[in-house]
């Protein structure tokens, strides 16, 4: 019972932290290419955290774009978030770990 309540609370928290226009959100999986091929969120783009600064422009040059980052636990996405903010991206968030996300939300775009 408590597990279901926790999942519901997590879903609400993540849903409320998302922009209202989810179709405009860019989801970036910052895990390795190997991890990405083993499973990822729908519509997510894979840019390993070690390459985020060099490859973000291939995804968007819009510094105001809504970008959600995730990895396995949230550590690598936190590093990628810092890098993107240093490059001037303003709406970047660390969405946390893949396992939690895949069980609680389904990004639309």
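The values are calculated or read from the model by the stated rules, or taken from the named source; none is laboratory data. Quick caveat: nothing in here was measured; it's all calculated off a predicted structure. A quick note on method: Cβ atoms are made from the backbone with ideal geometry, for glycine too, and the neighbour counts reach across all protein chains shown.
What the table shows:
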| read-out | value |
| --- | --- |
| Residues of the stretch 33-50 classified as surrounded by 13 or more Cβ atoms within 10 Å (Cβ to Cβ) and part of a helix (DSSP H, G or I), total | 4 |
| Odd one out for residue 22 among (1) crowded, with 16+ Cβ neighbours inside 10 Å; (2) at pLDDT 95 or above | (2) |
| Single unsatisfied condition, residue 99 versus (1) in contact with a helix residue (DSSP H, G or I) (Cβ under 9 Å, 6 or more places away or on another chain); (2) over 13 Å from residue 27 (Cβ atoms) | (1) |
| So residue 16, is it farther than 16 Å from residue 102 by Cβ, in a loop (DSSP other than H, G, I, E, B) and modelled with pLDDT under 95 | no |
| Every residue from the stretch 51-85 that is out of contact with any helix residue (DSSP H, G or I) (no Cβ under 8 Å at 6 or more places or on another chain) and part of a helix (DSSP H, G or I) | 51, 54, 55, 57, 58, 75, 78, 81, 82, 85 |
| Test: residue 92 is within 15 Å of residue 25 (Cα to Cα) and either in a loop (DSSP other than H, G, I, E, B) or modelled with pLDDT under 95 (or both) | no |
